[in-house]
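The values are calculated or read from the model by the stated rules, or taken from the named source; none is laboratory data. Remember, it's a predicted structure, so these values are computed and weren't measured experimentally. No Cβ is skipped: glycine too gets one built from the backbone with ideal geometry, and neighbour counts run over all protein chains shown.
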Amino acid sequence: MIGNRITHRTADGVRIPGTWRHAFICNGGSYFLTDLFVYADGLIDCWELVTLDEFEQKLRRGWVATSLPEGGRASAHHLASWTFGAPDTWLTPDLLLAEVRDTIDELNGRPDSTARCLAAVDVFMADRTEGNRAAARAAYEAIPETVRHYALGDMDRKDRPLRVLVAGPGGRTPDERGETVTQEEYDAAVSYFEERAQWRATAASRVPADGPAESFAPAVKIYHSYPQRALEDPGKQALRNDYPAAITVGGSTYPSVAHAYWARSVAEPEARAAVVAAESGAKARTVAAAAQRREGWEQVRTAVMARLLRAKYEQHPDLAAILLATGDATLLYDDADSGHWGENGGRGRNWTGRLLELVRSELVAETPSLGVDGLWCDVG
């Protein structure tokens with residue numbers, strides 16, 4: 001539940017909405033009460049920014065703690081420290097993970113587990129078969145137990161009508177009590193949902209004309225690496241600028257995008273040749289750094305990189321397929337040497353990631369099977 005706990009972080013100069021909740025971090029056997037930040041692009045800050053899969057690993061390992069031991073030492077930074085006495089917790093790794101997944105859906109305006117349950121209820125109300133009731137019950141039970149009371153947004157009835165409806169007359173409610181539902185209770189629940197549907201039908205709705213502002217897919221992080229040779233299955237490493245994939249631009253061939261970029265950054269032809277001959281993209285940068293920079297390089301470097309990235313993915317369809325497989329995800333590019341090109345934990349401008357997203361969009365637009373190539377020509 002987001003409520004009023006709204007925050008954000010900035011990446012690529014873009015404000016990424018988020019929310020937070022309290023959590024315990026277990027580090028070195030001690031427990032620290034801290035804030036767990038969840039962002040719309042699928043990244044979670046639990047003392048470092050991690051993807052959802054990485055967050056799940058930290059949950060399973062107990063770094064993000066959902067159980068607290070008797071006698072364990074705990075502290076809230078700069079506030080207090082204490083020892084746990086008869087601790088009582090109700091979260092589990094699965095419950096917290098489910099809540100975080102719901103939060104990411106909610107931040108993106110997508111149906112979370114509660115919305116999916118209510119959609120299943122709508123299906124049942126329209127066609128009241130036992131199969132549809134069973135589907136609605138399964139969807140209800142998929143809502144994290146900690147938030148089921150809020151499913152209807154009704155603080156008087158809480159989720160009671162929902163439990164009664166999915167149980168059916170003579171059935172048992174899906175809760176700890178497992179109460180048998182009477183016909184009278186069931187009829188009241190049906191009336192509740194019928195009235196609720198009428199109210200919702202009169203509520204105004206607005207659909208953005210140009211679609212969602214944010215991507216649907218979780219962010220993809222392209223971690224810093226030093227690829228030395230082409231791999232049979234390079235994965236996201238192939239999206240690194242120094243990945244060995246030769247490109248030809250302006251009649252010259254370069255071992256990688258990094259070689260081409262640094263070669264074009266230097267003023268003297270001799271230095272340019274030395275950059276091209278460097279053993280790796282990292283060494284190409286080192287050679288270029290020692291040479292005189294081309295005049296006005298800062299003003300043209302982004303356009304140069306865009307051209308080089310287009311060349312890479314146009315000339316290497318296998319690598320283009322890897323880029324296209326990222327869908328509409330935000331691409332976060334690590335670059336330890338540059339806050340201009342790298343995202344660098346939210347501190348950089350991430351221009352490489354942004355340009356990769358641009359090239360990806362262009363590749364999609366130029367794919368005839370997607371039916372948008374004609375539009376691309378029209379606007380070109």
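Here are some notes:
- Restricting attention to region 78-118, the residues that are aromatic (Phe, Trp, Tyr) and touching a helix residue (DSSP H, G or I) at 6+ places or on another chain (Cβ under 9 Å) add up to 1.
- Restricting attention to region 213-271, the residues being acidic (Asp, Glu) and over 34 Å from the mean Cα position of the chain (by Cα) number 2.
Residue-by-condition table, conditions (1) without any contact (Cβ under 8 Å) to a residue 40 or more places away in the chain; (2) of a type in the set (S, T, N, Q):
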site	(1), (2)
ILE247	no, no
ALA263	yes, no
VAL266	yes, no
ALA271	yes, no
ALA277	yes, no
ALA291	yes, no
THR302	no, yes
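- Among residues that are out of contact with any Asp or Glu (no Cβ under 9 Å at 6 or more places or on another chain), assigned by TED's automatic domain parsing to the domain that holds PRO227, surrounded by fewer than 14 Cβ atoms within 10 Å (Cβ to Cβ) and among the charged types (D, E, K, R), ARG264 is not included.
- Residue check, GLY327 without any contact (Cβ under 8 Å) to a residue 40 or more places away in the chain, outside the structural domain of GLU48 (by TED's automatic domain parsing) and small (Gly, Ala, Ser): no
- Members of region 146-174 found to be closer than 13 Å to VAL190 by Cβ and outside any loop (DSSP other than H, G, I, E, B), listed by number: PRO161, LEU162, VAL164, LEU165, VAL166, ALA167
- Of the helices (runs of 4 or more DSSP H) entirely within region 76-145, none holds at least 1 residues that are in contact with a His (Cβ under 8 Å, 6 or more places away or on another chain), small (Gly, Ala, Ser) and touching a residue at least 12 places away in the same chain (Cβ under 8 Å).
- Test: residue in region 277-286 that is closer than 26 Å to ALA365 by Cβ and modelled with pLDDT of 95 or more: no
- Boolean, SER256 is out of contact with any His (no Cβ under 6 Å at 6 or more places or on another chain), more than 19 Å from LEU363 (Cα to Cα) and touching a residue at least 24 places away in the same chain (Cβ under 8 Å): yes
- Among the candidates LEU36, LEU59, residue that is in a helix (DSSP H, G or I), surrounded by 12 or more Cβ atoms within 10 Å (Cβ to Cβ) and not assigned by TED's automatic domain parsing to the domain that holds ASN350: LEU59
- Count - residues of region 9-32 that are touching a residue at least 24 places away in the same chain (Cβ under 8 Å), in a strand (DSSP E or B) and either crowded, with 17+ Cβ neighbours inside 10 Å or touching a Gly at 6+ places or on another chain (Cβ under 7 Å) (or both): 12
- When region 180-197 is filtered for residues that are in contact (Cβ under 8 Å) with a residue 12 or more places away in the chain and not in a helix (DSSP H, G or I), the ones remaining, listed by number, are VAL181, THR182.
- Filter result for the condition that a residue is assigned by TED's automatic domain parsing to the domain that holds ILE322, of a type outside the set (S, T, N, Q) and either surrounded by 17 or more Cβ atoms within 10 Å (Cβ to Cβ) or under 15 Å from ALA311 (Cβ atoms) (or both), over ALA282, ALA290, ALA278, ALA273: ALA278
- Conditions (1) over 14 Å from the mean Cα position of the chain (by Cα); (2) part of a helix (DSSP H, G or I); (3) surrounded by fewer than 19 Cβ atoms within 10 Å (Cβ to Cβ); number of the one not met by TRP47: (2)
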